[in-house]
Amino acid sequence: MIFIAATMFAASLGTTISALQDIFADLPLLLLVLLGNLVVLPLLGWGIGALLGLPTAAFIALILVASSPGGPFGAKLAMVQSGDVVAGAAMQVLLASVGSLTFGPTANGILTIAKVGPGVSFDVGALVLTVAILQLIPFAVGLLLRRCTPAVARSWHPATAKVSNVTFLIVLAGMLLGNWRDVVALLGSLTLLAGFALATAAFVAGTLLATGPAVRRTTMGSVAAVRNVGPALAAVVIAFGDEPALLGALAAVLLAGLAAALPIAAILGLRRSKTRSDGNR
């Protein structure tokens, strides 16, 4: 929770309301991002799962992840790749908000057509409230500080960015340590490959289904590659009774996705840092 709030707060301290207005006024970008994350990626997840012939638990986990856009790591990866942080944070919050409403029908529809698993049903209001508390409110507070006291916002930005970085590493370590048995058990299966393939395909699709300069398009790619774990976990707990095999498969898909998305962002960040340093010589 600290990581999510700190990342959104740090992102908003570095932006302005006018910059956000410019992002949301770009109707082609909005439509393409929504199309890619709400329609194309769930279908890609379905296709990858069917192509690899995944077992039931892994297939369900992949569909749940693919149907849940707006993961908070997306805003973080925008920072890692030295991308368009304003656009990345704005789109991530938008996708998390819209995705909390579309996740259930999307996942349920695919699983029903594929004849896999029970229907996915849970409290949409609770998901929207979670997004508001952990993402929208910190983002709005940071924007307000930047607007009312820009000097304070600029002075706080480095510290909040460090908190985001540290908590990001803690979350990664927690996912690895907390689920290592499940992940190790799946090393010989196709579940990790499916998660890696989904994140890679999501980055490509998100980059292609965007407008603007390359920095903005690759940022949209990173936002698409990182899915929102909250709705997926809620579905596992509520609709699938906390089934251990499904939890393990979900952890494997998420970790494999990060293993694909994080290096891509890091390489882009290094290249852009090198380009800036060469330009300053």
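The values are calculated or read from the model by the stated rules, or taken from the named source; none is laboratory data. As the structure is a computational prediction, the values presented were derived from the model and not from experiment. A quick note on method: Cβ atoms are made from the backbone with ideal geometry, for glycine too, and the neighbour counts reach across all protein chains shown. Side chains included, ligands, DNA and RNA excluded: accessible areas come from the protein's heavy atoms. Shrake-Rupley method; radii C 1.70, N 1.55, O 1.52, S 1.80 Å.
Summary table below
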{"read-out": "Hits in the range 224-269 - residues which are open to solvent by 30 Å² or more (accessible area, probe 1.4 Å), farther than 11 Å from Val65 by Cα and part of a helix (DSSP H, G or I)", "value": "Val237, Ile238, Pro244, Ala245, Leu247, Ala259, Leu262, Pro263, Ile264, Ala266, Ile267, Leu268"}
{"read-out": "Some residue of the range 162-170 being more than 19 Å from Leu258 (Cβ to Cβ) and either surrounded by 23 or more Cβ atoms within 10 Å (Cβ to Cβ) or modelled with pLDDT under 85 (or both)", "value": "yes"}
{"read-out": "Flag if Arg216 is surrounded by 17 or more Cβ atoms within 10 Å (Cβ to Cβ) and touching a residue at least 40 places away in the same chain (Cβ under 8 Å)", "value": "yes"}
{"read-out": "Residue list for the range 14-42, filter: over 14 Å from Ala90 (Cβ atoms) and in contact (Cβ under 8 Å) with a residue 40 or more places away in the chain", "value": "Pro28, Leu32, Leu35, Gly36, Leu38, Val40, Leu41, Pro42"}
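Residue by residue, here is whether (1) charged (D, E, K, R); (2) modelled with pLDDT of 80 or more; (3) open to solvent by less than 30 Å² (accessible area, probe 1.4 Å) holds:
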residue: Ala87; (1), (2), (3): no, yes, yes
residue: Lys115; (1), (2), (3): yes, yes, no
residue: Leu127; (1), (2), (3): no, no, yes
residue: Leu145; (1), (2), (3): no, yes, no
